[in-house]
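Only one structure is covered here, and it is reproduced in the block below.
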Amino acid sequence: MKRYVSPVLMLLLVLVGAMAGCKDFIEGKEIATVGDAVEIEEESAEAPDAAATEGETPDAQDAGGASEATEPAEAPDTDAKVFTITENTAIMFEGSKTIGTHTGGFTKFDGKITLKGDDLTQAKIDITIDMESMFSDDRLLTSVLRGEDFFNIEKYPTARFVSTKIEPKESGLAITGNLQLKGVTKSVTFTAKPTITEDTITATAEFVVDRSAWDVGYADWKGEIIRNEVLIALDVEAKLEKD
């Protein structure tokens, strides 16, 4: 994980900050679909527990035997290409209260995009955010956001997004995945605009989520109403891992 603010991140700070003067900073922005988390089957090469597999003897399991209900795990796909998220990636947010807006983001994250061929709808995305790297445009706000009522970073030092489905649409790709934040996991769907070359995948996205779905924050701060809607801006770059 990198520990500095990339040029792309600084550019997004300027662009997102410029939106603060808008009458409604989420006007015309995509509202992400948020729902219950999608169950993901974790791949495992371990043999099934003998106690949990009726009708099989230990000898049969030791020899690699398996019933129709317990298929062995598939071998890793050696044709898959792995792209690693780089320091040129930016993850930003903007929120508002009665008297104006505030911007912030994260400077440290780790993740991969696994792809077979060049069909991005078949990609698997897995990104972990280091919540300790969170910053905002106000020192007091940063302290509040790090606290128990908002991100509760001491208890939940990371957040994670794992894709569950990617579908083509006219304006790009509809990406659906589980976002785990502050101990709460929700499925979220948003539109991304990707590009792919031989060794690089890039994608941008801008969408609105309701922070209360992840139990983040409260309704007001010192008498100022805090809006539930938060604008998320992503600019992702991933480079192909070399053998």
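Read-outs throughout are calculated quantities, based only on the coordinates presented, and are distinct from any laboratory measurement. Everything quoted here is computed from the prediction, not taken from an experiment.
Tabulated results
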quantity: Kirkwood hydrodynamic radius (C-alpha pairs) into Stokes-Einstein, the stretch 129-184, 25 °C and 0.890 mPa s, D in µm²/s; calculated: 189
quantity: Above-threshold pairs, the threshold being 20 Å between Cα atoms, out of 116/186; 169/193; 112/242; 97/182; 29/165; calculated: 116/186; 97/182; 29/165
quantity: Karplus-derived 3J(HN,Hα), 6.51/-1.76/1.60, for each residue of the stretch 91-97, Hz, glycine and proline x; calculated: 10, 10, 9, 9, x, 9, 9
